[in-house]
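Notes for the one structure printed next.
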Amino acid sequence: MPSFDEVLKEAGEFGRFQKRVFFLLCQTGITFSFLFTSVVFLGQAPGNYWCRIPGAAELSERCGWSLEEEQNFTVLPLRLGNRSSGGECERLDVVWDTSVSCTNPLTHYGNHSGDNLPLAACHDHWVYKQPHSSIISEYNLVCGNAWMLDLSQAVLNLGFLAGAFILGYAADRYGRILIYLLSCLGVGICGVIVAFAPNFTVFLIFRFLQGVFGKGTWMTCYVIVTEIVGSDQRFVGIVIQIFFTLGIMILPGIAYVVPTWQGIQLAISLPNFLFLLYYWVVPESPRWLLTRRKGEKALKIMHSIAKHNGKYLSPHYSEITINNEEVSNPSFLDLVRTPQMRKNTLILMYGWFASALIYQGLVMRLGIVGGNLYLDFFISGAVELPAALLILVTIDRIGRRLPFAISNIIAGVACLVTAFLPEDIPWFKMTIATLGRLAITMAFEIVYLVNTELYPTTLRNFGVSLCSSLCDLGGIIAPFLLFRLAAIWLELPLIIFSILAVVCGLLVLLLPETKGISLPETVEDVEHLS
């Protein structure tokens, strides 16, 4: 009986059918990038806000004050008397009632010298010029609650982590396309609920669930694309990353046009419902069907692929070699039981962790260094396009391992150099920082490809999901590490990023080269990979 790769070569390794499925599933990269980076725009800092004095709302209505007049009566005395207070996190320790004068409300409370005004910490009653522009103004994530914005991104990454385990396992047990479609439905529903969450607790719960299902869509579509093409066409896994980058470039345009965070949230969530139409055009992975001993269904799909590609399968292709391993449900022990699998798993886990932490750290660093958020975010996405092109040029000529290692080392060196460059040559500092962003993007994209090529079909989705869960751990740590270390020294996070990247570059040299090698079908294939 012919092997699956032999049948695939006869049916067409990257014909019209695969190109259509590939293009359709690539759209998932755009929506996933929306979810992955949306906190930058959902959590924009409110432009102007202050803490309202108790009774100020009623007094403002009685006196006919505008918001600007109320702000002047509330905040101006603070700024004149105590220059360390801007009125955002502290307020005058008074209560305004009906006996207060509309022209000079503070005279009722005695004559306090300018530097001895009574102050109190603000715990609620903030006033925003744009109350629904971001989740910060919606849920009062300011002052003592500012850390909750970091929590919202950490919760999303925690959802990615849970999704990697739960849905990665489910995709290897119940099928790729079923889990993909259920995940798309889940992302859409949870995204809509997030947009209308009545409080921050509900927001966090469904943002976590959106992370769970979002990870299911991304990892499963990536595996499907990789499994239906030949070994020479697995560059499609890199091209999917280009669509992720396109999403990063599109997102600031959406945020610029849509004025409220609810509108942005709906705009990035609703497209997921369109992916449910793929039920009629994207088949189950025939490789997966073979591992579940469903050879007849796999062969039927292969005949359909051949027909769409204008090919014809020979009559003797009535059966395909079925995996001889006993069909079992995947577990973590399967990934570390044998020497080569164990080495691959541990190195890939670290590679995912380092790449994600550095990548997300450099993206969020844009908010620290200032500038035009929309333009800077667009440029940061555009910088990633050459990364995919460089990978496409090198992986089929040089291989996977060397570009993987070099990109990590360059990223580490660039971060280190950027940290010690003086501020008076900003163009040079920005150039080196951009080089680091380009290099870590290459490393982040290559780890996806290498991960799928180093695991057998029986464990591929589970293995990729499990290893990439360390990416989510890096995403959970990144915001806290960046902002806490930057408070000590702005460039200190870059030193940490540099060490992580160089160590990763050295470790990946220990991985086997997979250029031009068929995807392994069994654990034994991985142990003898060459």
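The values are calculated or read from the model by the stated rules, or taken from the named source; none is laboratory data. Being a predicted model, the structure only gives us computed values, none of them experimental. Don't worry about glycine lacking a Cβ; one is built from the backbone with ideal geometry, like all the others, and counts go over all protein chains shown. Please note that ligands, DNA and RNA were not included when accessible areas were found on the heavy atoms of the full protein model with its side chains. Shrake-Rupley method; radii C 1.70, N 1.55, O 1.52, S 1.80 Å.
Per-residue ellipticity at 222 nm computed for the chain from its helices equals -21500 deg cm²/dmol, with DSSP H segments shorter than 4 residues left out and the rest contributing -39,500 (n - 2.57).
What are the DSSP H helices in the chain that stretch 15 Å or more along their long axis, judged by alpha-carbon atoms, and whose average Kyte-Doolittle hydropathy comes to at least -0.5?
Membrane-span-like by this rule: 16-37, 67-81, 147-174, 176-195, 200-227, 236-257, 295-308, 339-369, 401-420, 426-453, 460-488, 492-507.
For the pair segment 416-472 and segment 14-31, the centres of their Cα atoms are 24 angstrom apart.
At an R0 of 41 angstrom, the distance between the Cβ atoms of C102 and F420 translates into a FRET efficiency of 0.10. Evaluated at q = 0.07, 0.10 Å⁻¹, the base-10 log of the normalised Debye intensity for the chain, with identical point scatterers placed on the Cα atoms, takes the values -0.46, -0.82.
With an 8 Å cut-off on Cα pairs and a minimum separation of 6 or more residues, tell me the relative contact order of the chain in percent.
Reported relative contact order: 21 percent.
The charge dipole of segment 328-529, taken about the Cα centre with unit charges on the Cβ atoms of Lys, Arg (+1) and Asp, Glu (-1), comes to about 220 debye, rounded to the nearest 20. Once the chain from I517 to K129 is taken as fully extended at 0.36 nm per residue, the excess over their C-alpha distance is 133.7 nm. The simple Förster model, with R0 at 41 Å and r as the Cβ-Cβ distance, assigns R484 and K297 a FRET efficiency of 0.20. Per residue, the convex hull spanned by the Cα atoms of segment 257-306 amounts to 107 cubic angstrom. Solvent-accessible area per residue in segment 328-529 equals 38 Å², computed with a 1.4 angstrom probe and all protein chains kept. Here the accessible area is traced with a 1.4 Å probe on the protein chains. For segment 1-62, carbon and sulfur cover 53 percent of it.
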